[in-house]
């Protein structure tokens, strides 16, 4: 088995043969602190830092509101799957340099045979790889730095930040958002939960204390991957029972989105006509989000896991320290509810975008679908 030091040497040799990073060719401008500010310092943000460096663009800074590397991004926080949902060979942060790829990193630590044996990348293993990637490439992320507001100016942006809770104003020419699915909206919490105290429910985007659910009866609303993942962790943490509710009559099993996993579609998706992209999104909405086989098997391995299909919630109310839920003609009581209901997209709801959200183009500004393909 190759040692870590040998792996790093191989990657360092590959970078040497590429040659030094190009010198910064972007001229300084008076009063501008950064050429590019990247919002989010996890996998995508780190990759952008490296890509811009190799393109000869200096004056780049990456910020993240998390306290440290371990809490940045989703992999060691909100993500609860055992394995990633994307294929292990999809191009990633290596930017075409094989020695920086996950495969090279993994094989150096576990052997080529071990890599061939895995079907998907483990979530925690992926976080370890990203940590190595950042450290090996010397990518600096400014943690505890929260973006509060973006103020457009003449040819640049003023960034209103909080650094360790202290307000700070910086300027930048360009901004790259690498802050995940919530970056243009937020967690979607169904209205049926709106009147419940937050001590009785959480969204899968929240930091959930699963150990506190030991011995308790838990309801999971939703049937996509994050819902099954949350159910699995609750059961593994000792929940007395977990009931998962889906408004659909069957668990989604048609992986519509997976057609983008081959390079021809993956690399050229932005060039597809609007009608083709809309149709794919419409099909995805109709079919529903497909939980991975691993997520389903993880939950159904427990005899105290229960699935309820065609089970939309009519109401949810507080009763002492429990929740009473009416589902069709049945009534259930639970100690806690987890909403695995995904995210909404609405830039007007993001405070940092408020100054110019009305100028962000939406689908309705660019494309009018035929009547039979309308959404909603």
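The values are calculated or read from the model by the stated rules, or taken from the named source; none is laboratory data. Keep in mind that this is a model prediction, so the values were computed, not measured. Quick reminder, even Gly has a Cβ in these numbers, built from the backbone with ideal geometry, and neighbours come from all protein chains shown.
Odds and ends about this structure:
- Residue 222 being within 19 Å of residue 189 (Cα to Cα) and at pLDDT below 85: no
- Any hit, the stretch 189-204, residues being more than 21 Å from residue 325 (Cα to Cα), in contact (Cβ under 8 Å) with a residue 24 or more places away in the chain and surrounded by 17 or more Cβ atoms within 10 Å (Cβ to Cβ): no
- Check on residue 242, touching a strand residue (DSSP E or B) at 6+ places or on another chain (Cβ under 8 Å) and either closer than 30 Å to residue 367 by Cα or in contact (Cβ under 8 Å) with a residue 60 or more places away in the chain (or both): yes
Table: residues versus (1) in contact (Cβ under 8 Å) with a residue 24 or more places away in the chain; (2) in contact with a strand residue (DSSP E or B) (Cβ under 7 Å, 6 or more places away or on another chain); (3) more than 27 Å from residue 233 (Cα to Cα).
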{"residue": "274", "(1), (2), (3)": "yes, no, yes"}
{"residue": "290", "(1), (2), (3)": "yes, no, no"}
{"residue": "309", "(1), (2), (3)": "yes, no, no"}
{"residue": "325", "(1), (2), (3)": "yes, yes, no"}
{"residue": "366", "(1), (2), (3)": "yes, no, yes"}
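- Here residue 21 meets each of (1) in a loop (DSSP other than H, G, I, E, B); (2) under 18 Å from the mean Cα position of the chain (by Cα) with one exception, condition (2).
- Scanning the stretch 347-361 for residues that are surrounded by 12 or more Cβ atoms within 10 Å (Cβ to Cβ) and under 24 Å from residue 275 (Cα atoms) gives 347, 360.
- Of all residues making up the stretch 282-299, the number that are assigned to a helix (DSSP H, G or I), modelled with pLDDT under 90 and surrounded by 15 or more Cβ atoms within 10 Å (Cβ to Cβ): 3
- Where residue 35 falls short, out of the listed (1) free of Cβ contacts under 8 Å to residues at least 12 places away in the same chain; (2) in contact with a helix residue (DSSP H, G or I) (Cβ under 9 Å, 6 or more places away or on another chain): (1)
- Residue in the stretch 316-328 that is surrounded by 13 or more Cβ atoms within 10 Å (Cβ to Cβ), assigned to a loop (DSSP other than H, G, I, E, B), at negative phi and more than 23 Å from the chain's Cα centre (by Cα) present: no
- Here residue 227 does not fit the description of being in the same structural domain as residue 308 (by TED's automatic domain parsing), in a loop (DSSP other than H, G, I, E, B), at pLDDT 95 or above and crowded, with 19+ Cβ neighbours inside 10 Å.
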